[in-house]
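The values are calculated or read from the model by the stated rules, or taken from the named source; none is laboratory data. Here the structure is a predicted model, which means the values were calculated and not measured. No Cβ is skipped: glycine too gets one built from the backbone with ideal geometry, and neighbour counts run over all protein chains shown. Quick note on the areas: whole protein, heavy atoms, side chains included, nothing else; ligands and nucleic acids left out. Shrake-Rupley method; radii C 1.70, N 1.55, O 1.52, S 1.80 Å.
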Amino acid sequence: MKKEERDQELQKLLQKASKGNSRFDLTSVIMNQVIALEVKNKLAKKYLRRSWIFVGLASLLAIKLLYIFSYFQTSFIASIDIYYPGFAQVFLYFTISGLIGWFLYQINSIVSMQMSLK
Amino acid sequence: MDSIYIQKVTAGDINAFEYFVEKYKGKAFSVAFSVVRDSTLADDVVQDAFINAYKKIETFRGDSTFSTWLMRIVVNQGIKVLRKKKVQFERSKEFAYEVIDSNVNESIKSMQAKEQQFYIDKTLKTMTAREASILQLFYLQELSLKEIEEIMELSADHVKVILHRARKQFYGILQKELKHELTSII
């Protein structure tokens, strides 16, 4: 079907249909959106670069805090151990058995969850 | 000319995109309006389509013209909007009317311009969105069948079948609307 073969009557009828009007200047609206998109992309790239610095700093801080905490914990246990000899061994025993218990509990939860899914 | 500006945009020149917006905004609006039949929605469709085109411009391979590629985005965006509004784009609707084109043409010609516009708009809104879009792309935008195939992502035969069905559907609904008007007056 070529252009000349179009139904002229139908074409005339359809040309009478409303064409619709844009409410605003599309060029400026679209270009503003494009610029905003580009700014957003640039900012995202910039923050992604910066986020590595923040992650690095946060990790260093976490290590430092852990170190301070363990230092105070050790000094606290050592000081009590002076008055109550053997406290450090008992504390260590409870800590280790607690950790093992927590670990076994986690394994048990995972296994039972998988069993219930089958 | 388009290819030069495509290179500029992909190289990071945002302002070069204004060339495409200025050149195709009118056509994009007409095509969007053909699909959604509402000025407000058509505005939104055009904006979103241009933004999508800007985001995807690097994927434009040049298999078709930029205009066809952009219009495909516009049509897809229009369909997306219709789906959100729960308007079915494709629907198997059969119109078993005995349509006599000349009778419909004569009846509508006797009406005033505003009345004609009212009935034609009503008919296009009643038609299934796909049929109405293809009919308008072919008769109003005067796009070739090949362009419609590429825009609608349909085969040549399929487009011809839909176009034939759309023409029948248009006259069928229009005739029904005019008859309804006539009986309500009587």
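Below is a table of values for the structure above.
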{"quantity": "Failed criterion for A:Lys12 (all others in (1) under 30 Å from B:Gly172 (Cα atoms); (2) touching a helix residue (DSSP H, G or I) at 6+ places or on another chain (Cβ under 6 Å); (3) not hydroxyl-bearing (Ser, Thr, Tyr) hold)", "calculated": "(2)"}
{"quantity": "Criterion violated by A:Val34 - all others in (1) surrounded by 11 or more Cβ atoms within 10 Å (Cβ to Cβ); (2) in contact with a Ser or Thr (Cβ under 8 Å, 6 or more places away or on another chain) satisfied", "calculated": "(2)"}
{"quantity": "Single match in B:Leu140, B:Leu163 (criterion: modelled with pLDDT of 85 or more and surrounded by 15 or more Cβ atoms within 10 Å (Cβ to Cβ))", "calculated": "B:Leu163"}
{"quantity": "Residue within the range A:11-30 that is open to solvent by less than 80 Å² (accessible area, probe 1.4 Å), assigned to a helix (DSSP H, G or I), more than 7 Å from chain B (Cβ to nearest Cβ) and not hydroxyl-bearing (Ser, Thr, Tyr) present", "calculated": "no"}
{"quantity": "Selected residue (only one of B:Lys146, B:Lys125 is without any contact (Cβ under 8 Å) to a residue 60 or more places away in the chain, assigned to a helix (DSSP H, G or I) and surrounded by fewer than 22 Cβ atoms within 10 Å (Cβ to Cβ))", "calculated": "B:Lys146"}
{"quantity": "Search result, residues across the range A:89-114 that are open to solvent by 90 Å² or more (accessible area, probe 1.4 Å) and of a type in the set (Phe, Trp, Tyr)", "calculated": "A:Tyr93, A:Phe94, A:Trp102, A:Phe103, A:Tyr105"}
{"quantity": "Any chance B:Lys93 is surrounded by fewer than 17 Cβ atoms within 10 Å (Cβ to Cβ), under 27 Å from B:Ala11 (Cα atoms) and either of a type in the set (A, V, I, L, M, F, W, C) or at pLDDT below 90 (or both)", "calculated": "no"}
{"quantity": "Selection count, the range B:1-58, where residues are surrounded by 15 or more Cβ atoms within 10 Å (Cβ to Cβ), among the basic types (Lys, Arg) and away from chain A (no Cβ under 11 Å)", "calculated": "2"}
